[in-house]
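S.K.: Can you read through this structure? Questions will come right after.
The values are calculated or read from the model by the stated rules, or taken from the named source; none is laboratory data. Owing to the predicted nature of the structure, the values given are computational and were not obtained by experimental measurement. Reconstructed Cβ throughout: ideal geometry from the backbone, glycine too, with neighbour counts over all protein chains shown. These area figures cover heavy atoms from the full protein model, side chains too; ligands, DNA and RNA do not enter into them. Shrake-Rupley method; radii C 1.70, N 1.55, O 1.52, S 1.80 Å.
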Amino acid sequence: DQDDCRFAFTLGDVAGKGPAAALLSALLQGMFSLEAQGSAAPASVVSRVNGALCRRAIEARFATVFYGVLEPCGRLVYCNAGHNPPVVFGPSGVRRLEAGGPVVGLLSGAPYDDDAVQLAPGDRIVVFSDGVSEALSTTGEEFGDDRILALLESAPAASADMDATSLVEALLAAVRVFTLGAPQGDDITAMVVRYRGPATR
């Protein structure tokens with residue numbers, strides 16, 4: 001939570017495996033924790049994180065990142081740095097969050113933009129790694145974005161009664177059923193943020 005009651009959140013996907021990737025993940029967590037303290041626009045925060053990573057010599061040091069700031073009125077301002085476009089769905093419809101720029105840590109001085117969308121009470125923001133959309137079945141077929149959207153638009157997920165935790169569990173369960181235990185080459189991560197509406201005093 002930020003000082004003015006805004007809620008900042010991020011999800012990233014680090015390139016590579018092993019100690020270098022773990023170091024980059026830890027650095028990203030620390031950088032965003034520091035940079036999120038204040039009122040800077042998401043594109044500015046992501047740009048500063050990118051610059052800081054580019055100044056460090058870390059093997060396989062780039063990552064995709066989605067960073068969003070949700071205001072009490074339902075206005076979501078975000079920057080997507082090369083990440084799978086998250087989905088906003090609910091009473092206001094279905095939208096993909098694509099505005100931003102390239103991955104962080106690879107191109108010094110890369111330009112980043114942010115965008116804003118207005119959420120309605122009950123809208124949910126679904127952020128996921130490419131390990132979800134690219135999860136493979138035993139026959140080599142990808143789970144794909146279409147299956148993610150179909151699950152979100154199904155009656156149980158679309159119900160206003162399904163909370164964020166249950167929606168994450170439903171998405172990950174669908175991936176497990178699809179893959180049937182087939183070995184996966186990437187992490188499978190998802191996060192859901194639900195906007196309940198303006199806070200009442």
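S.K.: Would you be able to say whether some residue in the range 113-133 is under 25 Å from Q184 (Cβ atoms), free of Cβ contacts under 8 Å to residues at least 60 places away in the same chain, of a type in the set (S, T, Y) and buried (at least 16 other Cβ atoms within 10 Å of the Cβ)?
M.R.: yes
S.K.: Separate question: Can you confirm whether the range 91-99 contains a residue that is modelled with pLDDT of 90 or more and part of a strand (DSSP E or B)? Can you show your working first?
M.R.: Initial filter on the range 91-99 (modelled with pLDDT of 90 or more): 95-99.
From what is left, the residues that are part of a strand (DSSP E or B) are 95-96.
Yes, the conditions are met somewhere in the range 91-99.
For every residue, the table says whether it meets (1) surrounded by fewer than 20 Cβ atoms within 10 Å (Cβ to Cβ); (2) at pLDDT 85 or above; (3) outside any loop (DSSP other than H, G, I, E, B).
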residue	(1), (2), (3)
L24	no, no, yes
Q29	yes, yes, yes
S39	yes, no, no
S44	yes, yes, yes
G51	yes, yes, yes
A57	yes, no, no
A60	yes, no, no
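S.K.: Identify the single condition in (1) open to solvent by 50 Å² or more (accessible area, probe 1.4 Å); (2) more than 19 Å from D187 (Cβ to Cβ) that S159 does not satisfy, given that it satisfies every other one.
M.R.: (1)
S.K.: I've got another one for you. When you scan the range 102-112, how many residues do you find that are at pLDDT 90 or above, over 17 Å from the mean Cα position of the chain (by Cα) and surrounded by 14 or more Cβ atoms within 10 Å (Cβ to Cβ)?
M.R.: Going through the range 102-112 one residue at a time, the tally reaches 1.
Yes/no matrix, rows are residues, columns are (1) touching an Asp or Glu at 6+ places or on another chain (Cβ under 9 Å); (2) in a loop (DSSP other than H, G, I, E, B); (3) touching a residue at least 24 places away in the same chain (Cβ under 8 Å):
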{"position": "P85", "(1), (2), (3)": "yes, yes, no"}
{"position": "V88", "(1), (2), (3)": "yes, no, yes"}
{"position": "G140", "(1), (2), (3)": "no, yes, no"}
{"position": "L151", "(1), (2), (3)": "no, no, no"}
{"position": "V177", "(1), (2), (3)": "no, no, no"}
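S.K.: Looking only at residues in the range 156-201 that are of a type in the set (D, E) and touching a helix residue (DSSP H, G or I) at 6+ places or on another chain (Cβ under 6 Å), which one is farthest from A120 (Cα to Cα)?
M.R.: Looking at residues that are of a type in the set (D, E) and touching a helix residue (DSSP H, G or I) at 6+ places or on another chain (Cβ under 6 Å), I get D186.
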